[in-house]
Amino acid sequence: MSDPTIPISRVQQYTVERCPHCAERHRFALGFGRRAVLTFGGAAAGAGLTCPTTGGPIVVELELRENETYLGPVDPSAGATGAVALPEPAAAGEAVAQDGGGERAEWQKGSRTTALDFCRTMLATSSGAIPVYTAVLNYVGIKGISGSLSGRLSVLPMILFLLASVAFILALVPTLATVSDERGFREFRDRRLRLLDRYIWTGVTLFVTAMAFSVYFLFSALGTV
């Protein structure tokens, strides 16, 4: 059944080219809404539909957008904002809910862990890139560009790697807050995940920029050999 507490934000036309029950072509209008719980990453969802000819269940795979959930079939004559979700058949709908509910719960449960593991990996990579860059630059010949503008700016990648490490460190720092109820926990969790996402993107941007400058300065040093 569709969740009446989640408004429908998008209606998509979905076509079943060959029905497994009557071998005919069917079109369905499917409703999607914004998820109440933030998660890192996306997921595929299963939709339980009904063959209009035989009434048999049809289970299809749907690709969800970021923070989006599948609500169910909708009235195709209604718009996306005013659409009213139609009940799914019990046999197909309950089977999909049972199959997807556990996976969705595990995804949400492990979402923060996935982000923190990525931060730990990138922290080790960013901090380890500083001595590697320095060693390679000395090996290819930093003395050849020491007096030029490129030589003076060759420390820029090390600074950017360091700043990227700081961003990932800040992402891993625990946050202290008082949570008294379920609503407070959800709001705190959403704030924490959004902040974590900003730190991750800041760190990744700094790391990629540092890599680009590293390649430039290393080739500049090689050009003087």
Q | Of residues in segment 176-198 being modelled with pLDDT of 90 or more and of a type in the set (A, V, I, L, M, F, W, C), the one nearest to the chain's Cα centre (by Cα) | A | L196
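Scan segment 199-225 residue by residue and report those that are modelled with pLDDT under 75 and surrounded by 17 or more Cβ atoms within 10 Å (Cβ to Cβ). Please lay out each step first, then the result.
Taking segment 199-225 and keeping what is modelled with pLDDT under 75, we get 221-225.
If the condition is that a residue be modelled with pLDDT under 75 and surrounded by 17 or more Cβ atoms within 10 Å (Cβ to Cβ), then A221 is the only one that fits.
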Q. Does segment 170-198 hold any residues that are assigned to a helix (DSSP H, G or I) and either open to solvent by less than 60 Å² (accessible area, probe 1.4 Å) or within 30 Å of V140 (Cα to Cα) (or both), and which are they?
A. A171, L172, G184, F188, R189, D190, R192, L193, L195, L196, D197
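Return the only residue of L62, L137 being of a type outside the set (S, T, Y), open to solvent by less than 60 Å² (accessible area, probe 1.4 Å), at pLDDT 60 or above and over 25 Å from the mean Cα position of the chain (by Cα). Steps first, please.
Details: L62 fails: over 25 Å from the mean Cα position of the chain (by Cα).
Criteria check complete, one pass: L137.
The values are calculated or read from the model by the stated rules, or taken from the named source; none is laboratory data. None of these values were measured; they are calculated from a predicted model. Note: ideal-geometry Cβ built from the backbone for every residue, glycine included; neighbour counts use all protein chains shown. Ligands, DNA and RNA are stripped out before the accessible areas are found, and what is left, the full protein with its side chains, is counted by its heavy atoms. Shrake-Rupley method; radii C 1.70, N 1.55, O 1.52, S 1.80 Å.
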